[in-house]
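Novice: First the structure, which I've put down as structure tokens, then a few questions once you've had a look.
The values are calculated or read from the model by the stated rules, or taken from the named source; none is laboratory data. Quick caveat: nothing in here was measured; it's all calculated off a predicted structure. With ideal geometry, Cβ positions are generated from the backbone for all residues, glycine too; neighbour counts draw on all protein chains shown.
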Amino acid sequence: MSELLRIAEHVTERAGEGEQLEAYVSRGTSLEVQAYQGDVESFTSSTSQGIGIRVVQDGRAGFAYAGSLDDDVIAETLAEARDNLRFAEPDEWVAVAEPDGGTPIVHDHWDESVQTMPTEEKVAMAIELEKRTTSRDDRISGVRTAMYSDHSGEMALATSTGVRATDRGTGAYVSVSALANEGDETKIGGGFDVDFGPASLDLDRAADDAVLRATRLLGATQPETERLTIVLEPRMAASLVGVTVGMLNGERVLKGRTPFIDRVGESIAATSLTVVDDPTDARSFGATSVDDEGQTCRRVPLIEDGVLRGFLHNTYTGRRSGEGTTANGVRGYRSTPSVGAHAIIMDPGEGDLDSIIAGLDHGVFVTSMSGLHSGVNAVSGDFSVGAEGLMIRDGALAEPIREATIASTIQKMLNDIVAVGADTEWQPGGAGAVSIAIADVSLSGA
């Protein structure tokens, strides 16, 4: 880590008069194994490293990057960034970040087994995952994919204004898509498990989840069109809340591309809903000490007891909006900082998925949603996506459904939340989500 920081510091020491320099350096590894019919179908392993250099002077910014950390290449990259500065339009809000004086909460999510576990054992995990999945149920005819993957990454940031930051982390993941057959019908169900390293991954959890999700949809029919309550398990709730948080991005706010402009301090959701971005929570796979501009990460309330508390900002959008940064600058070495969430977390309510279902006379348990990005208008909030799941009748799961559409608006769905569970489940992207129920949603089918 110190090696990367020394490289970044060496760049910023070359700042000229009236010039601000920022150097972002990173390196990482990734590995992915896919198994099929007891053998390796594909194997990829890669390493990467690079540097991004930004030069700011007189309200203009020049940027360049390179996929090498050789001294000569870094010198050429700095020269290119300075040259690009000449073509930039002036912007009074452009500046390199300043030290914020905060004390970061240190998260060292680094599992050495990502790098030390023999490749043969990782390959064996993918093959074993396929074997366990196909042996679970006679209706499982095979798998579409059975995969093991892992990654490691390190970054260092230095600026001529005095920012110094480092971070690192690892992750490992197994996933499988099971194929269930009954007559001429085939259904697909996916299962996964994720952790900071391979040693703690649970293959049985991934296999059982995939088999359940595939087999319980056999015999699905198109439902009748009606308005009812939908229930979302944590995985689905994380998708919905993720779309919502995307509308609370400071870049969207400045461009007027969100339905929540000028609504800070107003109620936008049911009082049972609280959503934060909290990279200080060590349980999240998105936990981090500093953002990619070297600003100290903190808990950022977004929706609190249904009230909109604010938006996510990096240093640029924070300056331009007058709100200041929320330490949500995100980037890689190939880009300048944008705005993004680290760890979206829903505060738990009461009960779990089973108790929410048991409390409903009539509804639908949504197990998958398709077209989330194309079916959601981030400017108006209109929401219309494909869905599969199981009907809920008299507090119990009933017949499976397919070829359905659920429609509403994000604004209405947030206000129509009638139950929030306490069954927090940590998602691969870092979200901590719980089950929720939303009333009065249009289910379109036959």
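Novice: Have a look at T77, T116 and point out the one that is crowded, with 17+ Cβ neighbours inside 10 Å and among the β-branched types (V, I, T).
Specialist: T77
Novice: Being of a type in the set (G, A, S) and either outside the structural domain of G171 (by TED's automatic domain parsing) or touching a Lys or Arg at 6+ places or on another chain (Cβ under 7 Å) (or both) is the filter here; which residues of region 197-218 pass it?
Specialist: A207, A214 - these are the residues of region 197-218 that are of a type in the set (G, A, S) and either outside the structural domain of G171 (by TED's automatic domain parsing) or touching a Lys or Arg at 6+ places or on another chain (Cβ under 7 Å) (or both).
Novice: Only strands (runs of 3 or more DSSP E) wholly contained in region 361-446 count here; list those with 1 or more residues that are aromatic (F, W, Y).
Specialist: 362-370, 382-393
Novice: For S384, indicate whether it is assigned by TED's automatic domain parsing to the domain that holds V245 and either more than 27 Å from the chain's Cα centre (by Cα) or at pLDDT below 95 (or both).
Specialist: Considered against the rule, which asks whether it is assigned by TED's automatic domain parsing to the domain that holds V245 and either more than 27 Å from the chain's Cα centre (by Cα) or at pLDDT below 95 (or both), S384 comes out as no.
Novice: Exactly one condition in (1) buried (at least 17 other Cβ atoms within 10 Å of the Cβ); (2) at pLDDT 95 or above; (3) under 27 Å from the mean Cα position of the chain (by Cα) is not met by H109; state its number.
Specialist: So the condition that H109 fails would be (2).
Novice: May I pose another question? Take the conditions closer than 30 Å to R27 by Cβ, assigned to a loop (DSSP other than H, G, I, E, B) and touching a Phe, Trp or Tyr at 6+ places or on another chain (Cβ under 8 Å) and apply them to T325. Does it pass?
Specialist: Here the answer is no, as T325 does not meet what is asked.
Novice: Does region 169-191 hold any residues that are surrounded by fewer than 20 Cβ atoms within 10 Å (Cβ to Cβ), at pLDDT 95 or above and more than 16 Å from I140 (Cβ to Cβ), and which are they?
Specialist: Y173
Novice: Across region 1-30, which residue is farthest from V56 (Cα to Cα) among those that are among the hydrophobic types (A, V, I, L, M, F, W, C) and surrounded by fewer than 20 Cβ atoms within 10 Å (Cβ to Cβ)?
Specialist: Here the answer is M1.
Novice: Which condition does E226 not pass, out of (1) touching a residue at least 24 places away in the same chain (Cβ under 8 Å); (2) crowded, with 20+ Cβ neighbours inside 10 Å, if it passes all the others?
Specialist: Condition (2) is where E226 drops out.
Novice: Are any residues in region 150-174 within 14 Å of L203 (Cβ to Cβ) and in contact (Cβ under 8 Å) with a residue 60 or more places away in the chain, and if so, which ones?
Specialist: A172, Y173
Novice: Do you know which of the residues in region 280-306 that are out of contact with any Asp or Glu (no Cβ under 7 Å at 6 or more places or on another chain), more than 22 Å from V163 (Cα to Cα) and of a type outside the set (G, A, S) is surrounded by the fewest Cβ atoms within 10 Å (Cβ to Cβ)?
Specialist: R283
Novice: Would you check if T405 is among the hydroxyl-bearing types (S, T, Y) and either outside the structural domain of G250 (by TED's automatic domain parsing) or farther than 17 Å from E224 by Cα (or both)?
Specialist: When the stated conditions are applied, T405 does not pass them.
Novice: Can I ask one more? Could you check region 31-68 and list, in sequence order, the residues that are more than 27 Å from the chain's Cα centre (by Cα) and either part of a strand (DSSP E or B) or buried (at least 18 other Cβ atoms within 10 Å of the Cβ) (or both)?
Specialist: Scanning region 31-68 gives Y36, D39, V40, E41, V55, V56, Q57, R60, A61, G62.
Novice: Could you list, in sequence order, all residues of region 241-279 that are in a strand (DSSP E or B) and either surrounded by 20 or more Cβ atoms within 10 Å (Cβ to Cβ) or not assigned by TED's automatic domain parsing to the domain that holds G349 (or both)?
Specialist: Matches in region 241-279: N249, V275, V276, D277.
Novice: Just wondering, is there one or more residues in region 135-142 that are assigned by TED's automatic domain parsing to the domain that holds S46, crowded, with 24+ Cβ neighbours inside 10 Å and either farther than 30 Å from P337 by Cα or modelled with pLDDT of 95 or more (or both)?
Specialist: no
Novice: Could you list, in sequence order, all residues of region 191-228 that are over 30 Å from H362 (Cα atoms), over 23 Å from the mean Cα position of the chain (by Cα) and not in a helix (DSSP H, G or I)?
Specialist: If the condition is that a residue be over 30 Å from H362 (Cα atoms), over 23 Å from the mean Cα position of the chain (by Cα) and not in a helix (DSSP H, G or I), then no residue fits.
Novice: Quick check on L390: is it in the same structural domain as G250 (by TED's automatic domain parsing) and either surrounded by fewer than 19 Cβ atoms within 10 Å (Cβ to Cβ) or within 20 Å of the chain's Cα centre (by Cα) (or both)?
Specialist: In short, no.
Novice: I'd like to know if region 82-91 contains one or more residues that are of a type in the set (A, V, I, L, M, F, W, C) and part of a strand (DSSP E or B).
Specialist: no
Novice: Could I ask something else about it? Take region 51-73 and flag every residue that is in contact with a Lys or Arg (Cβ under 7 Å, 6 or more places away or on another chain) and not hydrophobic (A, V, I, L, M, F, W, C).
Specialist: Within region 51-73, G52, G62, Y65 qualify.
Novice: Pairs needed: first member in region 355-367, of a type in the set (A, V, I, L, M); second member anywhere, part of a helix (DSSP H, G or I) and at pLDDT 95 or above; C-beta distance under 8 Å; at least 6 residues apart or different chains.
Specialist: V366/M236
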